[in-house]
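Here the structure is laid out as structure tokens; the discussion comes afterwards.
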Amino acid sequence: MSSGPIPAQPEKILRELGRVWTSLGEEERHQGKPTVLRACAMTLIVITDEEDAESATASQTLVELMHAHPSRAIVLRSDPKAENGLSARVFAQCWKPFGKAQQICCEQIEVSVRPDRLLDASPTVLGIVVPDLPVVVWCRMKSVLRVSPNDRTNAAMTPVLALATKTIVDTKGVDLNQAFDVLRGWKAAGRMIGDLEWTRITAWRETIGTVFEENADWLSPTGLGAELTYSGATVPASALYLAAWLERGTQTKASLRREDSPWPGLSSVRLSGEHTVELSRTGPTCLKLRVGEQEQQVSLAGSSFYELMHEELTVLGYDPVFNAAFDRAEASYRQ
Amino acid sequence: MLLLGQMTDANPFQDPLRFERRVPPCAIVIFGANGDLTKRKLLPALYRLAYERRIPQSFAVIGNSRTHMSDSEFREKMKESVQQFIEDSPFDESVWNSFEQSLYYIAGDLKDPKCYQAIAAKLSEIENDHQTRGNVLFYLSTQPSYYATVVECLGAAGLHHGKGWRRVVVEKPFGHDLKSARALSDEIHHVFEEKDVYRIDHYLGKETVQNILAFRFGNGIFEPLWNRRYVNHVQITAAESIGVEGRGAYYQEAGALRDMIQNHLLQVMATVTMEPPSFFDADNVRDERAKLLRAIRVMKRDDVPLYAVSGQYGPAKVGGQDLPGFRQEEGVDPKAQTDTYAAATFFIDNWRWAGVPFYIRSGKRLPKRVTDIAIQFNAPPLAMFQQETRLGPRSPRPNLMVLRIQPEEGISLRFLSKSPGSGMRVRPVSMDFNYGSSFGERTPTAYETLLVDAMAGDPTLYTRQDMVEASWTVIEPILEVWRNTKFDFPNYEAGTWGPKASDDMLAREGHTWRMP
């Protein structure tokens with residue numbers, strides 16, 4: 001169920017949404033019983049542009065996310081070919097849970113805007129967020145993390161970002177010097193942030209956490225030396241975050257080393273002292289854990305956009321562990 | 001139940017916002033491993049925990065029953081069960097292959113000391129091979145008559161203590177009356193301390209029952225209305241459309257009052273009505289639940305016919321299908337006096353609820369499968385508007401809040417709204433929250449939740465001995481009167497909402513059963 005392009009004015013978009021719901025309701029009237037259930041727990045704004053090579057994957061992710069996090073999804077796309085410079089389309093994303101008679105439907109609004117008219121898009125977005133529910137921004141536009149706060153794109157995005165209960169970015173493959181600047185600025189302004197590079201290391205962190213939980217009677221992290229290796233030309237944020245998180249536990253400085261590996265990003269972690277705990281990547285979705293002489297294979301599944309975003313959307317409040325790791329990682333990167 | 005802030009400080013590598021509660025190193029010994037509960041609930045729940053990476057390497061399961069089987073035959077059998085009974089979850093061959101390496105089987109008679117020696121030997125072998133740290137959870141999934149025997153034999157074999165913790169999970173029924181519940185408890189306490197006894201009531205593990213606590217104590221707007229000033233009465237319904245389905249022999253000894261009301265529904269009632277705990281931990285939550293159960297007025301014998309109704313279904317044709325009556329079911333005595341339907345009116349003698357009737361009903365072969373709690377609020381003091389009905393204008397129906405436990409889990413609130421058009425006509429409308437659509441992700445089954453809690457040593461959702469005794473105390477007079485009454489059964493047809501006497505019980509208070 002979708003509309004054609006319509007002017008990107010909030011009242012027109014909301015009217016069109018009303019039409020979509022009315023036509024979905026027609027079916028109910030014919031069948032004489034409720035067939036459609038409207039679900040919404042938040043507004044999820046996705047900001048993307050033509051540089052976003054994975055925007056098709058992201059769109060699919062959005063559909064999948066609706067099942068666990070029903071929301072009004074607003075896709076704000078910076079597109080040089082945007083019709084009339086700024087236009088919108090309205091959809092309903094529906095699915096029928098297994099064994100249920102009712103469809104569950106969520107709203108999706110696509111706003112396309114020419115890059116030179118980005119500033120005009122903010123009032124549209126501000127007018128169509130769902131009142132009184134959390135607003136999460138998934139900012140896939142890398143340029144937001146590259147520019148100085150005075151830049152045009154950043155200025156255009158500021159009102160939208162200011163709405164957000166939480167802003168989720170992905171610092172993978174961006175210049176961390178600039179990205180950390182931007183994120184620090186957002187944090188200083190009191191904004192809640194999430195970084196998918198942090199989410200990518202949850203399986204690593206959880207495995208390490210479990211090792212120390214299960215072996216607490218003989219294995220203490222305090223004083224262990226941490227050494228991390230990564231592949232790629234520059235140190236990824238995930239490695240910096242993990243090093244920072246480990247440093248809090250070991251209370252020693254972690255070292256980072258570049259090492260060739262078939263898999264990009266973080267390659268291994270070694271915690272050594274009286275005992276050794278080693279976690280190394282052995283496949284695209286597989287880790288090898290070694291505690292002393294014992295070895296175990298651990299699944300690294302969970303790094304698709306859906307899984308990463310699903311995890312981030314379950315943590316909408318203040319995240320003290322991430323915030324502490326971010327501060328330490330940034331400070332360590334600056335040194 | 002641990003709160004986020006309560007996570008252990010010893011391990012700095014914790015992130016309670018993102019890490020799932022994991023199963024600690026341990027072994028589970030399941031007595032009755034060839035039974036229905038193991039196949040339908042326990043193994044599928046354990047497999048799902050493995051699928052979610054919540055089961056550590058240092059984990060093992062020992063199944064026990066009389067049937068002779070090798071480890072590999074047991075594994076094959078459990079694999080078939082998991083494939084058949086796992087709910088809303090994929091079956092992953094590679095996860096199973098890894099998980100089944102932790103499954104073992106010991107055949108043996110529950111009364112035979114040699115069986116426990118074999119289990120002890122296997123446990124110490126497993127402790128070496130799987131590093132389970134000597135932690136053992138004994139799960140009694142046998143016939144209830146064996147509970148005391150198994151516990152006694154565990155004690156005699158010295159299995160109740162070891163290097164790590166030892167806990168025992170007991171399935172319902174916890175006795176068949178107050179006396180037997182106390183006797184069972186005494187026998188268990190000879191071997192295990194109360195803190196190590198986990199009496200499972202799977203209703204308390206249901207997400208939607210836990211949600212009642214979140215709904216009541218996480219929101220500020222409902223609790224002020226949650227008392228005798230605003231609540232007119234409460235109806236708790238647990239209806240099943242099926243009959244006894246091959247459990248006739250067991251069921252004719254139990255009946256609906258024992259099988260559902262004494263445990264599940266009184267626990268649900270306590271969850272709906274208990275006072276807010278000062279802190280959300282096992283002791284505080286269970287103290288409040290126990291306090292509420294003790295506050296339920298115990299009926300006098302003479303009051304039982306007025307406040308409790310027993311029913312039994314007879315044969316009927318439903319949807320073109322001939323359904324047998326209870327007495328025609330396999331394994332059932334043709335003159336059985338068993339209650340396949342039970343309804344009762346309870347009152348809670350405390351300041352919050354004094355005078356508010358709580359109607360509870362449960363039955364088999366009712367028109368549909370539904371469990372819900374309906375809170376009927378008082379009508380406005382002045383009926384200003386009239387509601388159009390088939391019978392002409394009537395005073396509008398008062399507000400109703402329904403907490404739906406199953407199916408279509410959720411909460412709805414009925415209130416009045418002006419009908420469109422001229423004139424001040426009002427119509428009831430419903431505002432719905434649907435658990436499934438707001439949290440579309442899979443919810444864990446009650447057994448997943450409860451097994452992890454038992455292994456993690458969190459008894460919040462388990463019933464304590466004082467709670468069990470309090471609920472038997474409430475039920476006992478009804479049981480006693482019913483035992484000495486010869487009922488003219490059957491008194492309701494399959495596919496109907498129970499006997500007329502049940503409707504009469506509410507009518508005497510000026511109320512009617514709602515149609516869930």
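Assorted remarks:
- Residues (in contact with a Ser or Thr (Cβ under 7 Å, 6 or more places away or on another chain) and hydrophobic (A, V, I, L, M, F, W, C)) located in the stretch A:288-335: A:L289, A:V298, A:L300, A:A301, A:F305, A:L308, A:M309, A:L316
- Residue check: A:E206 meets all listed conditions (1) at the interface with chain B (Cβ under 8 Å from one of its Cβ atoms); (2) touching a residue at least 40 places away in the same chain (Cβ under 8 Å) but one, namely (2).
- Selection count where residues are over 19 Å from B:F358 (Cα atoms) and either open to solvent by 40 Å² or more (accessible area, probe 1.4 Å) or among the hydroxyl-bearing types (S, T, Y) (or both), scope the stretch B:450-503: 18
- Close pairs from the stretch A:112-136: first under 12 Å from A:L76 (Cβ atoms), partner among the β-branched types (V, I, T) and modelled with pLDDT under 85, Cβ under 7 Å, at least 6 apart: A:L118/A:T153
- Taken over the stretch A:66-91, residues that are more than 24 Å from A:V144 (Cα to Cα), within 14 Å of chain B (Cβ to nearest Cβ) and touching an Asp or Glu at 6+ places or on another chain (Cβ under 6 Å) amount to 1.
- Qualifying position, being open to solvent by 10 Å² or more (accessible area, probe 1.4 Å) and within 30 Å of A:V211 (Cβ to Cβ), among B:E80, B:E87, B:E100: B:E100
- Some residue of the stretch B:116-134 being surrounded by 16 or more Cβ atoms within 10 Å (Cβ to Cβ), within 26 Å of B:A446 (Cβ to Cβ) and at pLDDT 90 or above: no
- Residues located in the stretch B:135-152, provided they are surrounded by fewer than 23 Cβ atoms within 10 Å (Cβ to Cβ) and farther than 18 Å from B:Y462 by Cα: B:N135, B:T142, B:Q143, B:S145, B:Y146, B:A148, B:T149, B:E152
- Checking each residue in the stretch B:320-369 for being under 14 Å from B:M269 (Cα atoms) and either of a type in the set (F, W, Y) or touching a His at 6+ places or on another chain (Cβ under 7 Å) (or both) picks out B:F346, B:F347, B:W353, B:V356, B:P357, B:F358, B:Y359.
- Only one of the listed residues (A:T222, A:T252, A:T234, A:T229) is away from chain B (no Cβ under 14 Å), surrounded by fewer than 19 Cβ atoms within 10 Å (Cβ to Cβ) and not in a helix (DSSP H, G or I). That residue is A:T234.
- Out of A:L176, A:L161, A:L183, sole residue that is away from chain B (no Cβ under 14 Å) and under 24 Å from A:H69 (Cα atoms): A:L161
- Among residues of the stretch A:255-279 being of a type in the set (S, T, N, Q) and buried (at least 16 other Cβ atoms within 10 Å of the Cβ), the one that is farthest from the other protein chains (Cβ to nearest Cβ) is A:S261.
- Across the stretch A:49-62, the number of residues qualifying as surrounded by fewer than 16 Cβ atoms within 10 Å (Cβ to Cβ) and aliphatic (A, V, I, L, M) comes to 2.
- Some residue of the stretch B:196-210 being more than 20 Å from B:A270 (Cα to Cα) and not β-branched (V, I, T): yes
- The single residue among B:A214, B:A270, B:A282, B:A238 that is of a type outside the set (F, W, Y), touching a Pro at 6+ places or on another chain (Cβ under 7 Å) and more than 15 Å from B:P173 (Cα to Cα) turns out to be B:A282.
- When the helices (runs of 4 or more DSSP H) confined to the stretch B:1-108 are screened for residues that are over 30 Å from B:D283 (Cα atoms) and within 14 Å of chain A (Cβ to nearest Cβ), those reaching at least 1 such residues are found at B:43-51, B:93-99.
- Within this structure, A:L65 passes the test of being open to solvent by less than 20 Å² (accessible area, probe 1.4 Å), assigned to a helix (DSSP H, G or I) and within 24 Å of A:T314 (Cβ to Cβ).
- Residue match in the stretch A:175-185 (condition: over 24 Å from A:G232 (Cβ atoms) and buried (at least 16 other Cβ atoms within 10 Å of the Cβ)): no
- Scoring B:E275 on the criteria (1) out of contact with any Lys or Arg (no Cβ under 6 Å at 6 or more places or on another chain); (2) assigned to a helix (DSSP H, G or I) leaves a single failure, condition (2).
- Selection status of B:G320, over 23 Å from B:M467 (Cβ atoms), among the small types (G, A, S) and touching a residue at least 40 places away in the same chain (Cβ under 8 Å): no
- Test: residue in the stretch B:383-397 that is β-branched (V, I, T) and open to solvent by 20 Å² or more (accessible area, probe 1.4 Å): yes
- Selection from the stretch A:284-322 of residues that are assigned to a helix (DSSP H, G or I) and more than 11 Å from every other protein chain (Cβ to nearest Cβ): A:F305, A:Y306, A:E307, A:L308, A:M309
- Residue within the stretch A:134-148 that is more than 30 Å from A:V269 (Cβ to Cβ), in the same structural domain as A:R89 (by TED's automatic domain parsing), open to solvent by 50 Å² or more (accessible area, probe 1.4 Å) and among the charged types (D, E, K, R) present: no
- Residue within the stretch A:189-203 that is in a helix (DSSP H, G or I) and open to solvent by 30 Å² or more (accessible area, probe 1.4 Å) present: no
The values are calculated or read from the model by the stated rules, or taken from the named source; none is laboratory data. On a predicted model such as this, the values are computed, not experimentally measured, just so you know. Glycine gets a Cβ as well: all are built from the backbone with ideal geometry, and neighbour counts include every protein chain shown. Heads up: the accessible areas ignore ligands, DNA and RNA and are worked out on the full protein's heavy atoms, side chains in. Shrake-Rupley method; radii C 1.70, N 1.55, O 1.52, S 1.80 Å.
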